[in-house]
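See structure below.
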Amino acid sequence: MGGKNKQRTKGNVRPSNSGRAAEVLAREGGVIPGFVGFDTTVSSELSYVPAVHGAEDIDNLVDADFRLVLRKLSKRDVVTRLKAVQDFGSMCQERDAEEVKGVLPYWPRIYCKISVDHDRRIREATQQAFEQLVLKVRRSLAPFLKSLMGHWILSQCDTYTPAASAACQAFQAAFSPAKQPEALSFCKEEILNVLQDILLKETADTLSDPQSVTQEERESKYVRMLTSSLLGVKRLLSLLLLNDRLALEQKLPDLVHATKFWKYSKHNTPQVRGAFFEMVCALCEFTPGLVQAEAARLCPAVLLSIDDTDPVVLPPVWEAVLHIVSTIPDCWTHVNAKKGFLPKLWPLLREGGKGMAKALHPNLMPLLSKLPQQVTDPQLDFFTMFFTALIQGLSSERAVSSPSESAVIVTAVVECLRYCILQHTEEEGDQQKIRTMLITQQLLPLLENALSNPSLQNGPLFLLVTEMLISWEKRAGLHSEGGVNDKKDVFQRLLVDFWEDLSRMLVGYVDNEEADPRALEGIAIVFLKLINPLLVPQVMRYPERVNRKHVQRKKSVKMCFSKSEDIEKSGVEGAGGEELVQPVSELVMEKAFGSLQTQHFEDVVCQLAQLCLVHVNEKNSERHLVFLSLLLRSFHTPRIFTVNSVQSDEMITKNPAMEFLLEQVLVWLTEKERTDTQHLVEMVFSSLYCCSRQETTRILNHITTMGLQWEIILQIIQRACTDPDTLKSCGDWLKGSVLGEQLLALTEELCRVGSSRGVSASSAGSHSWTLISLVLSQHHNNVSLIGEVYLEKILERLHATLSETKSLSDAGNMEPLVSFICDVASTFFSSVQDCLLLVSAEELLLTVFQLTAQDQTHTRLSDSLLDKLKKVCIAGVSSLVQHCEYEVKEGGFLHNAAVWLLFSAFLSNKMSRMPLLALFWLSFDFTFKASARSPAPLCCCILKSVCVFLSLFPVSQSKLSTLQVLCPTMTTEDRETLVTLATAGLVNWQEDGSKYVSGCLQVLLCCLQAGTHVEVEVVQAILATVMEWRNSKEDWFLFSSDLSNAAAEQLNLTIEMMRFLSWLVTRCPAVLGGNQWDFLLCSMLAWLETAAENVSSLWNPWVQLFVCENAALIVRLSQFFSSPPPDVLEKLPSELTAEWTDFFVQGIYSLLLPLPVAITGESPDDPVFPLAVLESLGGALTYVPVQQLSQNSLPPRFIADQKTNLPQPLQTLLNTFCPLLLFKARPLQIAVYHMLEKVMPQLPECDGEGDSSKSDDDRDEPCLSPPASLMVILSTCEELCENILAGVQVGEFAVVQPLSVEYSCILAYLLAWKLLLTFFKSSPSHLRAHYAQYLKRSCSLNKLLLHLFKLMPENPVYPGQGPETRDTKTFFTESLSLPQSSPLWELPHLACSVYYSTVQDLPAMVRLWWNGQEKRVSAAAEKFTIKYVSPVLSAQEISSVHTSTQMFDSMTVKARSAAREVIATYSVDDIFIELVIQLPQNYPLGSITVESGRRVGVAVQQWRNWMLQLSTYLTHQNGSIMEGLALWKNNVDKRFEGIEDCMICFSVIHGSNYSLPKKACRTCKKKFHSACLYKWFTSSNKSTCPLCRETFF
């Protein structure tokens, strides 16, 4: 048979000697014995080519490569079989159709074997290969359909979803939707035979070889095959046409008559039971005749299984129950409902569905409607038991802890109760008893429970009861739109009984001296939510808008009320829209209240209110008084006040609300010992709702003059200001003389007491000052709260008090009074617009200013009070400046301040150190510009003197350059002199042209940038001068000008102004007031618009400088507003930040974003290409907010056939700027990177939303592409880098010339990967696995890593250091900032940064790449990583454990930095687990090891499983250690909850898609993750269950 040492020829076409011997035997004897390697009928092994007559000829028809692949399919090794299936698919795709057709005669047996392989990967690969075969042979497959279709349908129902999906995809590729029923009709008998054989004949031992497959694997495969077969019958019935279904119905009795079939309803595995009941649903839907014939066995199997609460089984069981009771009218003759069905139903309801209420309870009302009388007799007992058990479910542990479960149960209770009442509306005694029982024993106790149960209060209970009461009222004829109803009396009596019982229950709570305050509050909520829907939240006002998603109806069985009930519901939804928008004050006077058209509830409210009044008056019960306030707040009508007031014949004609207020509420308010009066104030306004405006004014005036505490008056005013309607009704009182005189007297008293030397101002109480501050600062529609006459008088009194303080030499003794006045004035100036139009307000501001400016040694005011006075002065001046209509006049604040300031400065040296000159310049500037007349005479004299002094400035254009050069080396005194001269030249600008002014500004800026100290007054004077130019020399600013025609000196002056404004923002922002900020920001934006209009002129160097300085100003402003200094922030105008954010930012970046695109239209190799402009614009664009990027106004740009889930602005942004990453201009590349980096974290959200409707198991190895625009650039750069680095070996350092074309390409490639890694890191865990799969398939990451090891230096030490030590800084320890200027080592540092991010965010993929590399490459990568990367990354992982804020229930995590260890300790009940996670030296290339620590109460096998699963998580997850631990803990928690592990990964939760084990083997009943089964099948090259080794269907 050949020598041992003879070389074997791979793929040898000629048969071996045994093959030739078999052929001879066949020719001679005609019978082929069952030799090994040949097909026989009894052989359990797969033969690659059957030995038949003429085998030599048949062999010649099969390609040699195909034959080799088919031979590998019979191997036992899983990996070999998997590789063979994958190769077979590839060959089918690549070879000619004729070659592939040669395999068809042998394919059916092969397919039927490997399509049910134990290994899920092999099953999936089989379907993928089958698809390629189908696409190649097309119609030639027809002769073999009958032998294939049975297992094809079985595979479409595979419990491993990727395999099932692949089978369905192959089926769709073979047949169009119209042809699929025909194909199934052609093979229906063969399909059914295959499914029946599995269900009735096969066992775990017959489906798998007991000698080679373990018992566990055999059972697993058997269970999987059973599940797939049951689901296959369902799929077959659903896809067949009606005629074919009828024909198949003749064959199905063989299946459903079998006893074994019915045993599946009690199978040990939930998947089998669930599939059985799904098949039963299909039988009921498609073959009702067959179901009727098998009713005797079908009804008990379904109706007696309702206590199966497994999450997999319960939904199909209850769907089957509804099908049975609908399809089989006599189903209860086969089941003893009272002994079998109901005893199982009651415990299920009592336990709230055992956590499955969302799937169970929506089916109860449809079930109730189908129960016959024989089941419900005696009905009273039945419904009592039903609702008692149903309501008891609200107390179950799951319902208490889950609001959604509780809401579903409540909905079921009310809907069933409503249905039962509608079904029992007869006058006879039994039905009356049922109605009474439902109201008194079920509904009212439920409402009583809600009084103290916040969960029920916040749920849908009150809404549902309200809808039910409206329904009863309509049927009782209380709604005019209701139709004729012969049961009117029944529903009227029903309503009376309900309200009487409810009243009795509530009275029992209220009529108790020790009533529970929480119960009383609950009663108020009942009235708020149940009785008076006008005052409840939006969801209660509009019942038709309520989201009822938690009530999930079954599609197959529909349940509805009678026709009249539907009409009634539509009537409820259509009515009430107009009434609900009316004011409450109008509605309360109507006879009908809200939606409930009945007077009974008003009786209840009146009775409760009267009880409260008795308890308050007789027993002085505070809790009843609070309850009465809540009651009146939600329900106030004249009748209630009539009941509560003491009636006499003389009072009958009077307003009862007014009488109640005068006789009761005011008495309570005057009680001295009462501390909490807020609820009494609410009661006052509840009473005022029923009073006219005149009555309201009289009552409030009376309250004002009663001498009550000022705190009560403050509460009343605050309550009056809460809403416009109340404020309007109280307007006469607020502006009246009674309140005004009282407030004026209060102010006099406060000032008098405060100015007394021996009495502290605080003794008057802070409430009084708060009241004064409120009435001064509170304005509505720019109208003062109180009368303006009294407003001025109060301000005059405060001004007089401060004036007295100013004149005293020991004002410090009055500090408390001054402090209170400061608070009032500050609030007044800050809150009231145009407040300084009042003369008294101006006088008050002037007094504050003078008190601030006086010498502290004279006033003896503390520093804190002086700061407070300064803030008041700033607030007043800001309010004055922002008022555009203000006219400066003699006697006004600015005039008087300037006169007083100058007078004080000339006559006194004590004020020389105060910053008064700035205020003078401010006042003088406003005086000069705001007044059409000449300035005041004193100001004119000062101006002339200053101008004479400034004319001495001996500066000429010839001396400017010299001054600019010498400025940095001058002494401080010389620079200060120079500043003085330059300032003089600027202020005296009228006598010189723009050229001279520009020179002065240049000299000034040189001094300022050299750090010369300048007084604030001088800076303000210069800024005022520049602002003056805006009015008189607007052409100097070049707004909206054609810059191509502008002279160089004009551009130079504008540039110097930009530089001065930039210096102001950076060094002196505190001097800028409201007008100055407006001037600065508007000028900046106007210059930017000019730059955007002159892109074609950017090749002019002066224009480039213009744009660069404008961009620099934008950068300074962005830096300032992003983090303003705290001391400056307090002084900024109140609306400045909001204006910058809402207006200027949008304007800036709507102009900036299109500029780089417009500039890059020209070649960057042009000698005058505006590269400096791109650098400046890039610096400005790095500050663009994310919102401006995500909501940009760029012109839409889309690419044909581009698949995207992104919104239009984001997609346009990517399509516009991603190509600029490759533009040969480094500043632009960096700027584009910084912009796109900001939006990357937002992009995964779009994929997450688009993919949320699909489950993890819907597709084959879920794969999702990152943003297409980025991937296109990445692909382009990848090809360029491959060409550039082709001659460099891994481990060698490729030196790239800075700023060359190659440099730009590599920089773009690395920046694109930085963006992609940022995108990946921002993705949620479930999407991260999908993106990683895409990178794995595209091999992009593999190429990146090879390129990185050519771009990273062999010794990545940070430059500029001494000899290398342990603490030497490297490119991995130092962060990369990517500045606009190009550093020498930028590219190597960037490459190291990308590699570090890759191993940090994609450790599993890097590990996979490393394991697949040749020895030389893997050794070089490992050596480099161990030396430079692993220590940093390991330390960071350990540090992240130390600093993590993530908390785990029942688990603690500690880290040991020195040993690179993380210790996780898990303890629950009596179980204690400790696992030690050890990071390898070459982390993350090497796998993380999990070592055993202490354990208590855990079996050895389970302990090993948990160690293995944690090791798996940490090895194969693209995440951190903490993420892996969180997943492992969740897995262990699920294990303790009773969910079994997947027996492949020994984990409950899958490591990548976080799914639970759902795919069960039909043989061994064990469940597996779909992804684990896929990997098992593809790696083991088997289609058998991993445990029982039976074929996994």
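The values are calculated or read from the model by the stated rules, or taken from the named source; none is laboratory data. Predicted, not measured: the structure shown is a model, and the values here were computed from it. Ideal geometry is used to build each Cβ from the backbone, glycine not excepted, and the neighbour counts take in all protein chains shown. Surface areas here come from the heavy atoms of the whole protein model, side chains and all, with no ligands, DNA or RNA. Shrake-Rupley method; radii C 1.70, N 1.55, O 1.52, S 1.80 Å.
At a glance:
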{"read-out": "Residue match in segment 74-88 (condition: in contact with a His (Cβ under 6 Å, 6 or more places away or on another chain), closer than 25 Å to His1569 by Cα and open to solvent by 10 Å² or more (accessible area, probe 1.4 Å))", "value": "no"}
{"read-out": "Among the candidates Val1453, Val1429, Val1441, Val1462, residue that is touching a Cys at 6+ places or on another chain (Cβ under 9 Å) and closer than 20 Å to Gly1519 by Cα", "value": "Val1429"}
{"read-out": "Single match in Thr436, Thr425 (criterion: touching a residue at least 60 places away in the same chain (Cβ under 8 Å), under 14 Å from Leu380 (Cβ atoms) and surrounded by fewer than 19 Cβ atoms within 10 Å (Cβ to Cβ))", "value": "Thr436"}
{"read-out": "Hits in segment 1189-1206 - residues which are outside any loop (DSSP other than H, G, I, E, B) and of a type in the set (A, V, I, L, M, F, W, C)", "value": "Leu1189"}
{"read-out": "Matching option when the condition is farther than 15 Å from Ser1583 by Cβ and of a type in the set (Val, Ile, Thr), among Val85, Val69, Val78", "value": "Val69"}
{"read-out": "Verdict on Thr440 being over 17 Å from Leu349 (Cβ atoms), outside any loop (DSSP other than H, G, I, E, B) and not hydrophobic (A, V, I, L, M, F, W, C)", "value": "yes"}
{"read-out": "Pairs where the first residue, in segment 1494-1514, is outside any helix (DSSP H, G or I) and the second is of a type in the set (D, E, K, R), C-beta under 6 Å, 6+ apart", "value": "Arg1494/Glu1474; Gly1497/Asp1470"}
{"read-out": "Residue list for segment 1122-1161, filter: over 23 Å from Leu1213 (Cβ atoms) and part of a helix (DSSP H, G or I)", "value": "Pro1126, Asp1127, Val1128, Leu1129, Leu1136, Thr1137, Ala1138, Glu1139"}
{"read-out": "Boolean, Pro1388 is in contact with a helix residue (DSSP H, G or I) (Cβ under 7 Å, 6 or more places away or on another chain) and modelled with pLDDT of 85 or more", "value": "yes"}
{"read-out": "Given (1) touching a residue at least 40 places away in the same chain (Cβ under 8 Å); (2) closer than 28 Å to Trp499 by Cβ, index of the condition Lys344 fails", "value": "(2)"}
{"read-out": "Set Val213, Val256, Val223: member being modelled with pLDDT of 90 or more and either under 14 Å from Cys1564 (Cα atoms) or surrounded by fewer than 21 Cβ atoms within 10 Å (Cβ to Cβ) (or both)", "value": "Val223"}
{"read-out": "Lone unmet requirement of (1) over 30 Å from Leu1527 (Cβ atoms); (2) part of a loop (DSSP other than H, G, I, E, B) for Glu1278", "value": "(2)"}
{"read-out": "Output for segment 1315-1355, where each listed residue is closer than 19 Å to Leu1408 by Cα and not in a helix (DSSP H, G or I)", "value": "Cys1339"}
{"read-out": "Residue list for segment 1510-1543, filter: open to solvent by less than 40 Å² (accessible area, probe 1.4 Å) and more than 30 Å from the chain's Cα centre (by Cα)", "value": "Ser1511, Asp1541, Cys1542"}
{"read-out": "Residues satisfying the stated conditions in segment 1325-1351, i.e. farther than 18 Å from Leu1315 by Cα and over 31 Å from the mean Cα position of the chain (by Cα)", "value": "Leu1346, Phe1349, Lys1350, Leu1351"}
{"read-out": "Residue tally, condition open to solvent by 40 Å² or more (accessible area, probe 1.4 Å) and either among the charged types (D, E, K, R) or touching a residue at least 12 places away in the same chain (Cβ under 8 Å) (or both), over segment 1136-1157", "value": "9"}
{"read-out": "Selection within segment 342-391 - over 17 Å from Leu438 (Cα atoms), touching a Pro at 6+ places or on another chain (Cβ under 8 Å) and assigned to a helix (DSSP H, G or I)", "value": "Ala359"}
{"read-out": "Qualifying residue in segment 324-340 (condition: under 19 Å from Val280 (Cβ atoms) and basic (Lys, Arg))", "value": "no"}
{"read-out": "Among the candidates Arg109, Arg120, residue that is of a type in the set (Lys, Arg), open to solvent by less than 10 Å² (accessible area, probe 1.4 Å) and farther than 22 Å from Leu240 by Cβ", "value": "Arg120"}
{"read-out": "Hits in segment 708-747 - residues which are among the acidic types (Asp, Glu), in contact with a helix residue (DSSP H, G or I) (Cβ under 6 Å, 6 or more places away or on another chain) and more than 15 Å from Arg698 (Cα to Cα)", "value": "Glu711"}
{"read-out": "Residue check for Ser692: surrounded by 18 or more Cβ atoms within 10 Å (Cβ to Cβ) and over 43 Å from the mean Cα position of the chain (by Cα)", "value": "no"}
{"read-out": "Counted residues, segment 1546-1577 - those being in a helix (DSSP H, G or I) and either under 20 Å from Cys157 (Cβ atoms) or in contact with a strand residue (DSSP E or B) (Cβ under 9 Å, 6 or more places away or on another chain) (or both)", "value": "7"}
{"read-out": "Segment 1008-1056 - residue that is of a type in the set (D, E, K, R) and over 20 Å from Trp1087 (Cβ atoms) and, of those, least open to solvent (accessible area, probe 1.4 Å)", "value": "Glu1017"}
{"read-out": "Thr309 of a type in the set (Ser, Thr, Tyr), without any contact (Cβ under 8 Å) to a residue 24 or more places away in the chain and open to solvent by 30 Å² or more (accessible area, probe 1.4 Å)", "value": "no"}
{"read-out": "Number of the condition not met by Lys728 [criteria: (1) over 48 Å from the mean Cα position of the chain (by Cα); (2) farther than 14 Å from Val684 by Cβ; (3) not hydroxyl-bearing (Ser, Thr, Tyr)]", "value": "(1)"}
{"read-out": "Long-range neighbours under 8 Å by Cβ, at least six apart or interchain, first residue modelled with pLDDT of 85 or more within segment 1314-1333, second open to solvent by 30 Å² or more (accessible area, probe 1.4 Å) and aromatic (Phe, Trp, Tyr)", "value": "none"}
{"read-out": "Complete set of residues in segment 1424-1439 that are surrounded by fewer than 21 Cβ atoms within 10 Å (Cβ to Cβ) and under 35 Å from the mean Cα position of the chain (by Cα)", "value": "Val1432, Leu1433, Ser1434, Ala1435, Gln1436, Ile1438, Ser1439"}
{"read-out": "Condition check for Val824: surrounded by fewer than 16 Cβ atoms within 10 Å (Cβ to Cβ) and modelled with pLDDT of 70 or more", "value": "no"}
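One line per residue, one yes/no per condition, for (1) within 44 Å of the chain's Cα centre (by Cα); (2) not in a helix (DSSP H, G or I):
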site: Arg235; (1), (2): yes, no
site: Leu255; (1), (2): no, no
site: Val272; (1), (2): yes, no
site: Phe276; (1), (2): yes, no
site: Cys299; (1), (2): no, no
site: Val317; (1), (2): yes, no
site: Ala320; (1), (2): yes, no
site: Val335; (1), (2): no, yes
site: Gly340; (1), (2): no, no
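Yes or no, residue by residue, for (1) modelled with pLDDT of 80 or more; (2) closer than 19 Å to Phe387 by Cα:
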| residue | (1), (2) |
| --- | --- |
| Ser401 | yes, no |
| Ser406 | yes, yes |
| Asp430 | yes, yes |
| Thr436 | yes, yes |
| Gln441 | yes, yes |
| Ile470 | yes, no |
| Glu481 | no, no |
| Asp511 | no, no |
